[in-house]
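Structure, as structure tokens:
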Amino acid sequence: EPEVTQTPSHQVTQMGQEVILRCVPISNHLYFYWYRQILGQKVEFLVSFYNNEISEKSEIFDDQFSVERPDGSNFTLKIRSTKLEDSAMYFCASSGSSGAISGANVLTFGAGSRLTVL
Amino acid sequence: GENVEQHPSTLSVQEGDSAVIKCTYSDSASNYFPWYKQELGKRPQLIIDIRSNVGEKKDQRIAVTLNKTAKHFSLHITETQPEDSAVYFCAAKISGYSTLTFGKGTMLLVSP
């Protein structure tokens, strides 16, 4: 079964440092997402990406965050200057369609990257 | 934007009992409602979903019902087993958008 893969699985960083989280979506998927989950809380949407540009983003996704698809396989989330409250599990997800026409948007999640900011 | 409320936050049942988790959504334009299961320390995985043109969907021991008028949907698990123990998240998607808005999750504990 195709999987979304994420690296690193766990990263510890100092406050103020830049962090890049990497994701390899399922190869024939066209829509890519980042969600985050603070420990014990719900999964929160950050950003969606389609056709090499951001299609939707939440209020959480401020100027400190950016996403990029540097090549045909990787999808990255960069946090420019990490804060303590950025500590969370970051999930990448991909889907074959946005659901805009069919309604269904079946997301496949990666295993997550746990970010700890000290 | 969409707001999804989920209840209860924790649910303890005996093996073999049924479990019901309920969610409400705010935006009447929502048309897709998936349920994800997240085992401890693992990724959320889709277990069942329903579109707004359907009132009920069943897959073996799992069923989902949708009441569009009341804007609520529920997950029903029958004959629960210890391996059903996990956190279950409901979500909703507004028509024309790709974003899923999740509920806060329900921790289901199934005791043998």
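The values are calculated or read from the model by the stated rules, or taken from the named source; none is laboratory data. Being a predicted model, the structure only gives us computed values, none of them experimental. In this analysis, Cβ positions are derived from the backbone assuming ideal geometry, glycine residues included, and neighbour counts consider all displayed protein chains. These accessible areas exclude ligands, DNA and RNA; they are computed on the full protein's heavy atoms, side chains included. Shrake-Rupley method; radii C 1.70, N 1.55, O 1.52, S 1.80 Å.
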Checklist entry - So is residue B:101 open to solvent by less than 60 Å² (accessible area, probe 1.4 Å) and either touching a residue at least 12 places away in the same chain (Cβ under 8 Å) or assigned to a loop (DSSP other than H, G, I, E, B) (or both) or not? => result yes
Checklist entry - When residues of the range B:26-66 are filtered for being open to solvent by less than 40 Å² (accessible area, probe 1.4 Å), at the interface with chain A (Cβ under 8 Å from one of its Cβ atoms) and over 25 Å from residue A:111 (Cβ atoms), how many remain? => result 2
Checklist entry - Is one or more of the residues making up the range A:45-57 in a loop (DSSP other than H, G, I, E, B), loosely packed, with under 13 Cβ neighbours inside 10 Å and within 14 Å of chain B (Cβ to nearest Cβ)? => result yes
Next on the checklist: Quick check on my filter: what residues within the range B:82-98 are within 9 Å of chain A (Cβ to nearest Cβ) and in contact (Cβ under 8 Å) with a residue 24 or more places away in the chain?
Outcome noted: B:89, B:91, B:93, B:95, B:96
Item to check | Whichever residue in the range B:11-25 is open to solvent by 70 Å² or more (accessible area, probe 1.4 Å) and not in a loop (DSSP other than H, G, I, E, B) and, among such residues, is farthest from residue B:89 (Cα to Cα) | outcome: B:14
Checklist entry - Pick from B:78, B:69: which is more than 7 Å from chain A (Cβ to nearest Cβ), under 19 Å from residue B:13 (Cα atoms) and surrounded by fewer than 16 Cβ atoms within 10 Å (Cβ to Cβ)? => result B:78
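Kindly indicate whether any position in the range A:14-32 is in contact with a Phe, Trp or Tyr (Cβ under 8 Å, 6 or more places away or on another chain), open to solvent by 20 Å² or more (accessible area, probe 1.4 Å) and under 25 Å from residue B:32 (Cβ atoms).
yes
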